[in-house]
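Undergrad: Quick one: structure below, then a few questions.
Read the figures in this text as sums done on the coordinates, not as results from a lab. Values in this document were obtained by computation on a predicted structure and should not be read as measured data. Don't worry about glycine lacking a Cβ; one is built from the backbone with ideal geometry, like all the others, and counts go over all protein chains shown.
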Amino acid sequence: MVSLNDVSELKSISEEEAAERLISEGPNELPQSKARGLFDIAKDVASEPMFLMLVACGVLYLILGDLEEALMLLSFVFVVMGITFHQERKTERALESLRDLSSPRALVIRDGRQKKIDGRYVVRGDLIILNEGDRVPSDGVLLKGINLSVNESLLTGEPIPVRKSPVEGAIEPKRMERPGGDDLPFVYSGTLVISGQGVVRTIATGANTELGKIGTALQNIESEDTTLKKQTGSMIRNIALIGLASCITVVVVYGFTRGDWTDGFLAGLSLAMAMLPEEFPVVLTVFLAIGAWRISRKNVLTRRIPAVESLGSTTVLCTDKTGTLTLNKMTVSGISNGRDILFLDGPEHKNLPEEFHELIEFSSLASKTDAFDPMEQAIKQVENKYLKNTEHIHPDWSLKREYPLSQKMFSVSNVWISPDGKKYDIAAKGAAETILDLCHLEEKVRVKYLEKVNTMASHGLRVLGVARAEFDLDDLPEDQHDFPFRFIGFVGFSDPIRPTVPAAIKECYDAGIKVVMITGDYPATAQNVARKIGLKPDTHVITGLELDTMSDEELKKKISETCIYARFAPDQKLRLVEAFKARGEIVAMTGDGVNDAPALKAAHIGIAMGCRGTDVAREASALVLLDDDFASIVAAVRQGRTIYDNIKKAMAYIFAIHVPIAGLTLFPVLLGWDMILLPVHIVFLELLIDPACSVVFEAEAEEPDVMTRPPRDPEAPLFGRQEIILSVFQGVRVFLNVLAVFLIARLYFNLDHLEARALTFTSLIVANLCLIITNRSWKRSALENLATPNYAQWWVVGGGSLFLLIVLYEPFLRNLFRFKYLHVDHDLIVCLIAGITSIFWFESFKENFKPTPTTPRKPSAKPKLGLGGAKHDDI
C-alpha cells in the first residue's frame, strides 16, 4: 500500500472543492441520453413503407372478410415494432455497460486524508491511490509510483501490460496523451492495475476520459438501413402505386361501361389483390428472422436482423488481432540458453531438454508466486508442464526481498533463501539488454546473445532475459547491479493464432472478401501474425502515426493496397471504417474490447466476440460470435449469401405468379366478360403463395458457387433487368396457357362459365406449383430440383393439391368457389398438361442461361457518409 508519508508533500483538494466541481462538471460517468418512449418508436415505424403495406393489406383482407389472412399480416406489424424497439434499447444498454465499467470504487486523498468513495464522485484534481487489482476510476497523471504496470487492453486491444513511470519535474501535465506504450505517466479510466502502486492526479472524468469519448461516439453513430431494405421499400411503393392506379381505373371503367358499380368495385379489389405484393415484406421479415435462427446454429448470434442480409455483400472484413485472430493468451513459445533456440509450438516437445531446466526454474523464481501478470502466468504454466515433481520446484524457499522494475532498470530481481541455505539465491528477469548488462558480459558475447534475441523477435516473440546469482548472507545491496549475475538464457512469449484462422482467411479470399487486420500492437508483430494466417499483402503496413498525417483522399488511395494497420487507437479504427465505407465498400468489423465499440457500430456489420468480448462490444454489434471462432464468420457469410439468393428466388416466383393472376383479373374486364377470378380464388392462391415464399424458398440449400463468386454489388438492384424479364416471361407463359384453357373451353367446347372457370383455376394451381419447383434453382432442372431435398416443398405441393381436390369435389366449397364438377379422367389431365407445359420453355432456357454476373465493385465516385448520418466531426 502507498502510505500517507509517501504523498504528504502532494497537494490534495478539499471536500468543498470536490463538491463544487461535482456540481459544475458533473459526476464521473457517461452522459445519459433520454431514451425514446414506445409511442415515439411506434410513430417512426408507422411511417415506413413496409409497415404501411402490411397494414393496408391487412385492412384489405378485413374488408373482404378473410379474418385469418388479415390477422397473419397484421401480426407482422408487431414483429416490426419489436425489432425496432430492440434496436433502440441496444444503444442504451451499451452506454449502461460503459457507465458501470467507468465507475469503480476509488481510494482518494482529500484534505490530506485517505477515503474510499464511489467512482462516480471522483472529480478533476483528485489524488487517487492505485494498488494491484484496482480498476482506474478516471484519466490522470502518475505523480508517484512503485513498479506500476497497467493492462490497457480495454482501450488498445493489446493484452500485455504497460509500464508506468511517474511524471518528471515539478510541473504536472494538464492534457492526456493516447494510451499504449511503456513509461508514459498517464493512466486511463476503466483500465486495470496489474502490479505495483501509484498516486495519480485526476485530469479528466466522465465524458472527457478516453472511455467517455467512446461512449459519446456510440451516442452519435446511427445504424444504416441495408440496401435490400431500401430497394424492397422502393419496389413496394412503385408496385403499390401501379396497383392502386389500376384498381381505380378498373372500378371507374367497369362502373361507367356496365353501370354495375358493385361488381366494378369487386373487380377493382380483385385486381388490387392480384397486383399488390404483400408477400414482399413478409418474405423479407421471415427470411431474415429464420436466417438469424439458422446462423445461431453456427454459433453466431444475430442482434440486428438486417445484418443477416448484409453479410452476403460484405467486401471488407476488418478484424482486431488480439482475441480475434489470436487466442489472447500469452504463452512461452520459444526459449534459448544463449547457444540454441528451442521453439515450443510443436507437439513434439513433450519433454524439455535438461539444459533448459535451469532457465525455466529461475524464470519462475523471478516471478510472483501468485502470478497476475500474463507473462508470469505463462511462465508458471511452462514450469508446471515440464518441471513438475522435479528438484527445480522450490515451494519451501522464502522470498527475502524484491527489487522492482523501474524506469532506470527494466528488470526485477527476487532474493530467495532455502531452509538450509548458506547463501541467497537471486533470480532476475527483464528486458534482454538490461539482463545482459547486469551480467557484465564482454561486448562480443553480448552481441552474440543479441543475435539470438533478434532471431526470436523475428518470429514475433516478445523476449525477456533471465539471470541468476548467489550472495552471502550479509546486508543486501541497494542496486541489482551489485549482484554477480550469471546469464542463463532468454524466454520468448507470443499470443498464438487461432488454429481455424488460416483456413477461414483463405475462404474469405475465395469469396472475394478483403481481410484487414487492425491492431494496437507493433508493425513487426502484426506482420508476423499476417504471415502465419496467410494475410496478403504482408509487406505494407500503415501505423496510427502515419494515419494522422494522411488526408482523407490519401487514405482512400492507400487502403486499396494495405491490409495491416498497426499501433491504431480507437478513433483511428473508426476513421478507417469510415474510409472503407467512403469507397463504397460493405464493411464488417470484428472486435472484443470497449475500444472496438464505435467501429463495430459504424460498420455495416459489427461482429463482437461472445466469450472474451466486453458487454459494450456485444451491445454495439449486429452479430456476436458465441465461440469466438473467426471461422464462424465465414459460415455466417455463407449463410448470408444463401439467404440473399433465396430471397431473389422467392421474388422471381412472386413476380411470375402475379402476372397470370393479374392477367386473368384484367382480361375479362377489358373484353366485357364475366370475371374469371373472384376474390375467394385469389385468397386461395395466396394461401399457396405465402407458404411457398416464406417456407419453401427459405429452406432451399445453397448454390454450389455460393462462396466462390465475388460479393454482389450492393448498389445493383435487387432484381436486374435480365431477372425481371425472365420472371415476367414465366408469368406471361403461364397466363397464355391458362387463358388458352379458358378460351378453348368456352369458345371451342361451349362449356359454361363455371366449368371453364374451374378448368382455368385448376390449371393455374398446377402451374403455380410448377413455378415453385422450377424457381428453386435457375441452375438446376425441375427434375433435379425435385431430387434435391427440401421438405417444405412437399408440404406445400401436397397440401395445395389436397385442398384443390377438396374444393373441386366437396359440394359446399365447390359452390362457394362457383365451380362445376370436373371429370378426373380428362378434365384434370388437361389441367395437368396445361400447367406443366407452361414451364417447359424456361427449363430448356436454363441450360444456356447465365445469370447477370457479379462483378467486383468499383469505388464510389463520391464519398458516402460513413456513420449512418453521423459526421466524423460530431464524434
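Undergrad: Between their Cα atoms, which of K380/K506; K388/K423; K11/K380; K116/K174 are more than 31 Å away from each other?
TA: K380/K506; K11/K380
Undergrad: By average Cβ neighbour count within 10 Å, what is the ranking of 201-210, 312-321 from highest down?
TA: On the way: 201-210: 23.4, 312-321: 25.5.
In descending order of packing, they fall as 312-321, 201-210.
Undergrad: Also, quick follow-up: Using only the alpha-carbon atoms, what does region 296-451 span along each of its principal axes? Please give whole angstrom values in decreasing order.
TA: Per principal axis, max minus min of the Cα coordinates gives 72, 38, 36 Å.
Undergrad: Any idea how far apart N389 and L743 come out in nm if each label point goes 7 Å out from Cα toward Cβ?
TA: Inter-label distance under the simple model: 9.3 nm.
Undergrad: Place +1 on the Cβ of every Lys and Arg and -1 on the Cβ of every Asp and Glu in region 287-446, take the dipole about the Cα centre, and give the residue among A432, F356, T331 whose Cα lies farthest towards its positive end.
TA: T331
Undergrad: I'd like the Kirkwood hydrodynamic radius of region 386-494, using the inverse of the mean 1/r over distinct C-alpha pairs, in Å.
TA: 15.0 Å
Undergrad: I need the calculated FRET efficiency for the pair F803 and D627, taking r as the beta carbon distance and R₀ as 60 Å, to the nearest 0.05.
TA: That gives a FRET efficiency of 0.85.
Undergrad: How do 424-431, 451-458, 128-135 rank on mean C-beta neighbours within 10 Å, highest first?
TA: 424-431, 128-135, 451-458
Undergrad: How big is the dipole moment of region 117-162 about its Cα centre under a simple scheme where the beta carbon of each Lys and Arg is +1, that of each Asp and Glu is -1, and everything else is neutral? Debye, nearest 20, please.
TA: Its charge dipole is roughly 140 debye.
Undergrad: Now, a different point. Cross-link list K164/K581; K213/K429; K350/K444; K321/K649; K556/K601: which exceed 26 angstrom alpha carbon to alpha carbon? Write out the running numbers ahead of the final one.
TA: Numbers: K164/K581 37 Å; K213/K429 38 Å; K350/K444 34 Å; K321/K649 38 Å; K556/K601 21 Å.
Distance filter (> 26 Å) returns K164/K581; K213/K429; K350/K444; K321/K649.
Undergrad: Assuming 1.002 mPa s and 20 °C, estimate D for region 451-575 with Stokes-Einstein, Rh taken as the Kirkwood radius over Cα pairs, in µm²/s.
TA: 121 µm²/s
Undergrad: Take region 687-841, drop everything but the C-alpha atoms, weight them equally and run the Debye formula without solvent; then report log10 I(q)/I(0) at 0.20 Å⁻¹ to two decimals.
TA: Here log10 of I(q) over I(0) equals -1.33.
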